[in-house]
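Here the structure comes first, spelled out in structure tokens, and everything after it is commentary.
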Amino acid sequence: LRLAAQCASDFIWEWDPASNRLDWLGAANEALGYPPGQFPGTLAAWRDCIHPDDRERVITAFGRHLERHDPYQEEYRVRRHDGVYCWWRDRGEMLWDANAKPVKMIGACSDITERKLLTETIATARAFADSRSGVLYSGGLAVGFKWVHLAAAVAASSEQGQYGGDSY
């Protein structure tokens, strides 16, 4: 698993329910702003870094997977060691023994921060453009004013760093 984690852009994790040990493979420590091996290997530490607005939903989904074997797949914000939040897409699967007892759970997280920020930027630009829709006439050429504003809003937001990681 360690080699697979090094080759992938995902962070692979393994949870042992008997010991409650949570091992991260790959660059998860670095992604969370910790030196290698310094992020505490417990479910409690993972739970505590989940954004308070996302925590209950994520923990409930995790519990449903353990109780009813529902698929575990969530997108949520996690707090880095420096206090900045990033977005993760997390999915996992419990392995059960012949007596339906949990043996270990293996999963993977992907950092989807850039995708989330881009989606938010586009939504903001569209809302801005929709609020100012009209037609601009320039040199006899009619230009959709909505799309001029959309392009301007996207350009302005990226130049000003409005959607940087610390805006969450």
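None of the figures in this text is laboratory data; all of them are computed from the coordinates on show. This one's a predicted model, so the numbers in the text were calculated from it and none came from an experiment. Reconstructed Cβ throughout: ideal geometry from the backbone, glycine too, with neighbour counts over all protein chains shown.
Quick notes on this one:
- For the listed peptides 32-41, 76-85, 102-111, a ranking on the average number of other beta carbons within 10 Å per residue, highest first, reads 102-111, 76-85, 32-41.
- Cα centroid separation - the range 13-35 against the range 72-130, whole Å: 15 Å
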